[in-house]
1. Considering the range 1-23 alone, what residues qualify as being loosely packed, with under 14 Cβ neighbours inside 10 Å and under 16 Å from Asp46 (Cα atoms)?
2. Could you please tell me which pairs satisfy a Cβ distance under 6 Å, a separation of 6+ or placement on different chains, a first residue in the range 41-58 that is farther than 16 Å from Ala26 by Cα and hydroxyl-bearing (Ser, Thr, Tyr), and a second residue that is at pLDDT below 70 and not in a helix (DSSP H, G or I)?
3. What are the pairs, 6+ residues apart or on separate chains, where a residue within the range 11-34 that is farther than 15 Å from Pro48 by Cβ has its Cβ under 6 Å from a residue that is in a helix (DSSP H, G or I)?
4. Which members of the range 27-55 meet the condition of being farther than 17 Å from Val8 by Cα, surrounded by 10 or more Cβ atoms within 10 Å (Cβ to Cβ) and modelled with pLDDT under 80?
Amino acid sequence: MSYKIIRVDGKDDELTAQSFDKYSDAYDLLEELYGDLCCSDADYGDIPYYDIVENNLNRKNG
């Protein structure tokens, strides 16, 4: 199973182009990039929101 990062607004960027073997790898990347914003007084209006989902491309139909 693999995981990918998606943007909540449906757009693609350099983060959504990546695939991760473990959920924790995707989470760690988002934490590294955006973790310091959770407790700041930053304006969140220009920051995209992300989610981590299973990469369904690796699933077999059947």
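1. Within the range 1-23, Val8, Asp9, Gly10, Lys11, Asp12, Asp13 qualify.
2. That search, which allows pairs on different chains as well, returns nothing.
3. Pairs that qualify, where the first residue is farther than 15 Å from Pro48 by Cβ and the partner is in a helix (DSSP H, G or I), are Phe20/Ala26.
4. Filtering the range 27-55 for residues farther than 17 Å from Val8 by Cα gives 28, 32, 35-43.
Narrowing the set further to residues that are surrounded by 10 or more Cβ atoms within 10 Å (Cβ to Cβ) leaves 28, 35-37, 42.
Within the range 27-55, Gly35, Asp36, Leu37, Ala42 meet the criteria.
The values are calculated or read from the model by the stated rules, or taken from the named source; none is laboratory data. Please read all numbers here as calculations on a predicted model, not as lab measurements. Here Cβ is always computed from backbone atoms with ideal geometry, including for glycine, and neighbour counts include all displayed protein chains.
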